[in-house]
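Accompanying notes for the structure given below.
The values are calculated or read from the model by the stated rules, or taken from the named source; none is laboratory data. Fair warning: this is a prediction, and the values are worked out from it, not measured in the lab. Note: ideal-geometry Cβ built from the backbone for every residue, glycine included; neighbour counts use all protein chains shown.
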């Protein structure tokens, strides 16, 4: 019988069942060589007493937190502000669901001001979205012994594994522009070497010259929409023949839309504009921006499954393939096909 009115402990289970604490612990954890009859009796007593193991004690004994962090390498002007953390939250919910299925809790981390902010996080693994080349967040996590999976390749800094996003949707959007009759496309990417910018840049650089004319410009992600605005003004003044703009970051796309309108362009009659993330910025713009469905549920399954595999010591596979983005056509590219 449990003494007192507090929460039943493993000592109570041991006393009531007549077994030692060590035997009870092995029976309840499923570890060790315990015959099935003993295991069944101990578990029956635990159930009768209403015993529930302490998650904190289990973590202390096992030396693991069973916690995974979701961290974005993008700065606050992209992830927060007008976006209101939409991208991070849209990705976090399915990742949290997948983590629970594998026995992990999820820690959602807002944009970091410094990798040193990671110092107090008690985590076993991390999913880092859109890492930079030689990504300082990934490097700091690895130095602390955290298992890291990146969403997108991170050249120069080896994560334990990565989810390969291919051309990061750049191929889908460029193909859409081609179908809309575009002849001269401006591609606006982050100056900082995030994985999306690097992969899209590699894709457009390899396009056959005869397919369409492409000019690439870069703007600082830390300056958000205003950087997209200024870069677009410069592009359109230097290249008045541009008839399509692909901005991989939605903050750049809303800046590009504002710049085009300010310079007297009609969107979509004169120029069409598209971006990657189908979030608040895309849907609140006038006209609404054509964007991509990044299939967050499948992306979450892919990333968490890979991370779980690595956390459990299986390093045979260190990469996985992201789902193919699907086009969401909106008014910003809805001009008649020639």
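If we scan segment 318-327, do we find a residue that is part of a helix (DSSP H, G or I) and surrounded by fewer than 16 Cβ atoms within 10 Å (Cβ to Cβ)?
No, because not a single residue in segment 318-327 is part of a helix (DSSP H, G or I) and surrounded by fewer than 16 Cβ atoms within 10 Å (Cβ to Cβ).
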Report summary line: Given the conditions (1) closer than 30 Å to residue 119 by Cα; (2) in contact with a helix residue (DSSP H, G or I) (Cβ under 7 Å, 6 or more places away or on another chain); (3) modelled with pLDDT of 95 or more, every one holds for residue 153 apart from (3)
Query raised in the report: Which ones in segment 23-48 are within 14 Å of residue 9 (Cα to Cα), touching a helix residue (DSSP H, G or I) at 6+ places or on another chain (Cβ under 6 Å) and modelled with pLDDT of 85 or more?
Result: 42, 45, 46
Query raised in the report: Mind checking whether some residue in segment 198-209 is within 16 Å of residue 177 (Cα to Cα) and exposed (fewer than 15 other Cβ atoms within 10 Å of the Cβ)?
Result: yes
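Could you say whether any residue in segment 116-128 is buried (at least 16 other Cβ atoms within 10 Å of the Cβ), out of contact with any helix residue (DSSP H, G or I) (no Cβ under 7 Å at 6 or more places or on another chain), modelled with pLDDT under 95 and assigned to a loop (DSSP other than H, G, I, E, B)?
Within segment 116-128, the first condition is being buried (at least 16 other Cβ atoms within 10 Å of the Cβ), and the residues that meet it are 118, 121, 123-128.
Right, trim to out of contact with any helix residue (DSSP H, G or I) (no Cβ under 7 Å at 6 or more places or on another chain) and you get 121, 123.
Subsequent filtering for residues that are modelled with pLDDT under 95 retains 121, 123.
From the residues that got through so far, the ones that are assigned to a loop (DSSP other than H, G, I, E, B) too are 121, 123.
Yes, because at least one residue in segment 116-128 is buried (at least 16 other Cβ atoms within 10 Å of the Cβ), out of contact with any helix residue (DSSP H, G or I) (no Cβ under 7 Å at 6 or more places or on another chain), modelled with pLDDT under 95 and assigned to a loop (DSSP other than H, G, I, E, B).
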Report task. Pull up segment 94-115, narrow it to residues that are in a helix (DSSP H, G or I), touching a strand residue (DSSP E or B) at 6+ places or on another chain (Cβ under 8 Å) and touching a residue at least 60 places away in the same chain (Cβ under 8 Å), then point me to the one that is farthest from residue 146 (Cα to Cα). Result -> 95
Query - Residue satisfying condition, being farther than 19 Å from residue 295 by Cα and buried (at least 24 other Cβ atoms within 10 Å of the Cβ), within set 109, 148 - result: 148
